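J.: Sharing a structure below in structure tokens format, with a few things to ask.
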Amino acid sequence: MNKPAKAISAHDALIYAMVTVAAADRRLSDSELMKIGDIVKTLPAFRDFPHERLGAAADACSALLQHEDGIDEILDVIATALPPRLHETAYALAIEVAAADLHVEQEELRFLQMLRDRLELDKLAVAAIERSARVRFRKM
């Protein structure tokens with residue numbers, strides 16, 4: 001059995017959600033990586049986050065993913081680190097990254113399901129977040 005992962009900041013938890021959904025299909029696309037960078041640079045949730053720490057947070061998440069129960073560990077640290085008011089934010093950011101390359105793989109969908117279950121998100125909120133992403137990322 002793996003030892004419990006150390007506690008992380010709320011900023012790191014949001015980054016873990018984005019990195020994990022991007023890595024769920026075993027590859028990080030350039031559009032997903034760019035989306036994560038853009039989100040960290042522009043959203044108010046990251047206003048107090050030192051942007052140069054993004055790489056270290058992503059690397060720590062990737063290292064945790066290598067553990068036997070990495071996904072469960074990541075879900076645990078995300079749920080522990082985030083106050084309830086940021087649960088929907090974490091899901092929305094994960095959706096943004098998953099949609100960034102205009103194709104969501106089955107593995108990404110599975111992680112999103114696990115994330116919303118672990119964060120105990122309201123079904124109507126989830127539907128609204130997903131609908132919003134579909135509208136924003138719709139092709140012409």
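Laboratory data are not the source of any read-out in this text; all were calculated from the coordinates shown. Bear in mind the structure is a predicted one, so any value in this text is a computation, not a measurement. Heads up, the Cβs are rebuilt from the backbone with ideal geometry, glycines too, and the neighbour counts pull from every protein chain shown.
J.: So how strong a dipole does the chain carry about its Cα centre when Lys and Arg Cβ are +1 and Asp and Glu Cβ are -1, to the nearest 20 debye?
T.: Dipole of the chain, to the nearest 20 debye: 480 debye.
J.: Still on this structure, please answer the following. Which entry in (i) 25, 17, 14; (ii) 21, 17, 16; (iii) 30, 17, 14 is this structure's computed semi-axes √(5λ) of the Cα gyration tensor in Å?
T.: Looking at semi-axes √(5λ) of the Cα gyration tensor in Å for this model, the match is (ii).
J.: Quick one, what does Rg over Rh come out to for the range 95-139 if you take C-alpha atoms and the Kirkwood Rh?
T.: 0.96
J.: Let me ask something else. Looking only at GluC sites (Glu not before Pro) in DSSP loops with at most 12 other Cβ atoms within 10 Å, what is the longest site-free stretch of the chain?
T.: The reported range is 1-67.
J.: Contact order normalised by length for the chain, with contacts defined as Cα pairs under 8 Å and 6 or more residues apart; what percent is it?
T.: Here the relative contact order equals 36 percent.
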